[in-house]
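For reference, the structure discussed in these notes is given below.
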Amino acid sequence: MDDKVIITCALTGGMTVPAQSDAIPISVAQIVEDGVRAAEAGASVLHIHVREESTGRPVPDLDLFGQVLGQLKERTDAVLQPTTGGGRGMTIVERGAIVPRFRPEMATLNAGSFNFGLYPIAQRDLPFTPWELEYLEGTRDYIFKNTFADVTYLAGLMDAAGTRPEIEIYDVGHLFNLRQLIKDGVLSPPFNLQFVLGVLGANMVEPDQLIHMLRTAERLFGMGSFTWSAAGVGYPGEFQLAALGLTLGGNIRVGLEDNLRVRRRDMAKSNGDLVEKAVELAALFDRTPASPDEARAHLGLKGSADTDF
Ligand code: KMH
Ligand code: ZN
């Protein structure tokens, strides 16, 4: 894979609100259209959340997930990776229900609990509706809960469904959680790590932080026992971390879930815009987007035929 890179596109997310950008896809049709565009631009993995169509509020709605997964499967060959992180206020059962219901090839698995602060965004001069303000302001007192019991529960669902976890690592301590979960027999290498940096409450987008987390993972688990990707939250963090991830030989994640800008003064008009910039960046490192099947082989996935959507 030296000259290839797996680009994941995180389409809509569960921790941003519509007032932040008109480009955030809300409806099933918008998420599907943007997913197709992102896949055509070079993304081989699409990371999926869904939202209430009338308000844009993130919801754990299996019917909406079914529509998005079904339509994207018809229109792209991309790996479809739904979330089990969900959004604020969702229970672990609500967050995990998607796995036994749709038996996806891959799903996210967040490796630890931490403050997830978005309240500074509420200070911005944007046309927030009351629920959006409350959703953001409420994160002053919000813990993104992923206890050892929660991770064990979700990992069990994934194991039973043949769903590969993409383990979200937000801080170096989450790697030691992972080591303990291996000792507990809950998870076993090889696994896929997503280093997510830039969330207020966890680690920030800084070269030293990513390198330290990567070197720690290599020391704890051994070089060949994991694949990894880097996801920077915010601008310019998303592309700074992508450049670093490409330099260090990793894969990358971009998308409106994590960042709303292509340039400091240019808001992204779609996820396709962000994937196009990621492809341009990768080309500067002589790396081209991996195809969905190259990604499946590299990530050890079961194939889209063995899913329930
Ligand atoms: N929103 C990202 C910061 C998940 O969906 O499981 C983290 C995320 C988690 O994507
Ligand atoms: Zn997500």
> What number of residues in the range 200-250 are in contact with a Leu (Cβ under 9 Å, 6 or more places away or on another chain) and under 30 Å from TYR119 (Cα atoms)?
Replying inline: 27
> Does GLY85 count as of a type in the set (Gly, Ala, Ser) and touching a Ser or Thr at 6+ places or on another chain (Cβ under 8 Å)?
Replying inline: yes
> Which members of the range 35-58 meet the condition of being closer than 18 Å to GLU74 by Cα, of a type in the set (Gly, Ala, Ser) and either away from ligand 1 (no atom under 16 Å from the Cβ) or touching a Phe, Trp or Tyr at 6+ places or on another chain (Cβ under 9 Å) (or both)?
Replying inline: ALA39, ALA41, GLY42, SER44
> Being in a loop (DSSP other than H, G, I, E, B) and over 19 Å from the mean Cα position of the chain (by Cα), is that true of even one residue in the range 163-183?
Replying inline: no
> Residues in the range 134-154: is at least one within 25 Å of GLY303 (Cβ to Cβ) and either among the small types (Gly, Ala, Ser) or within 16 Å of ligand 2 (Cβ to nearest atom) (or both)?
Replying inline: yes
>> Just to verify a result, which residue in the range 1-21, among those that are of a type in the set (A, V, I, L, M), within 15 Å of ligand 1 (Cβ to nearest atom) and assigned to a loop (DSSP other than H, G, I, E, B), is nearest to VAL279 (Cα to Cα)?
In response: LEU11
>> Just to check your reading of the model, which residue among GLY300, GLY222 is within 19 Å of the chain's Cα centre (by Cα) and at pLDDT 95 or above?
In response: GLY300
>> Please go through (1) within 15 Å of ligand 1 (Cβ to nearest atom); (2) surrounded by fewer than 24 Cβ atoms within 10 Å (Cβ to Cβ) for GLY255 and return the number of the only condition it doesn't satisfy.
In response: (2)
>> Out of ALA243, ALA230, I need the residue that is assigned to a helix (DSSP H, G or I) and either in contact (Cβ under 8 Å) with a residue 12 or more places away in the chain or among the small types (Gly, Ala, Ser) (or both). Which one?
In response: ALA243
> When residues of the range 15-41 are filtered for being touching a strand residue (DSSP E or B) at 6+ places or on another chain (Cβ under 7 Å) and surrounded by fewer than 23 Cβ atoms within 10 Å (Cβ to Cβ), how many remain?
Replying inline: 3
> From the set of residues in the range 74-93 that are over 18 Å from the mean Cα position of the chain (by Cα) and within 16 Å of ligand 1 (Cβ to nearest atom), which is surrounded by the most Cβ atoms within 10 Å (Cβ to Cβ)?
Replying inline: GLY89
> Pairs under 6 Å by beta carbon, first residue touching a residue at least 60 places away in the same chain (Cβ under 8 Å) and of a type outside the set (D, E, K, R) in the range 64-89, partner in a helix (DSSP H, G or I) and near ligand 1 (Cβ under 9 Å from one of its atoms), six or more apart or different chains?
Replying inline: THR84/ARG95; GLY86/ARG95
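Among VAL36, VAL79, VAL50, which is the only one that is at pLDDT 95 or above and within 26 Å of ILE143 (Cβ to Cβ)?
Unique residue meeting the criteria: VAL50.
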> Do you know which residues across the range 246-256 are in contact (Cβ under 8 Å) with a residue 40 or more places away in the chain and farther than 24 Å from LEU187 by Cβ?
Replying inline: LEU246, VAL254, GLY255, LEU256
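Given the structure, is LYS302 in contact with a strand residue (DSSP E or B) (Cβ under 8 Å, 6 or more places away or on another chain), surrounded by fewer than 22 Cβ atoms within 10 Å (Cβ to Cβ) and under 30 Å from PHE102 (Cα atoms)? Walk me through it before giving the result.
On the way: in contact with a strand residue (DSSP E or B) (Cβ under 8 Å, 6 or more places away or on another chain): yes; surrounded by fewer than 22 Cβ atoms within 10 Å (Cβ to Cβ): yes; under 30 Å from PHE102 (Cα atoms): yes.
It is true that LYS302 is in contact with a strand residue (DSSP E or B) (Cβ under 8 Å, 6 or more places away or on another chain), surrounded by fewer than 22 Cβ atoms within 10 Å (Cβ to Cβ) and under 30 Å from PHE102 (Cα atoms).
Report yes if ILE24 is in a loop (DSSP other than H, G, I, E, B), in contact with a Leu (Cβ under 6 Å, 6 or more places away or on another chain) and aliphatic (A, V, I, L, M), otherwise no.
Yes, satisfied.
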> Applying the selection to the range 212-225, what residues are in contact (Cβ under 8 Å) with a residue 12 or more places away in the chain and under 19 Å from GLU166 (Cα atoms)?
Replying inline: MET213, LEU214, THR216, ALA217, LEU220, PHE221, GLY222, GLY224, SER225
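The values are calculated or read from the model by the stated rules, or taken from the named source; none is laboratory data. Nothing here was measured: the structure is a model prediction, and the numbers come from that model. Reconstructed Cβ throughout: ideal geometry from the backbone, glycine too, with neighbour counts over all protein chains shown.
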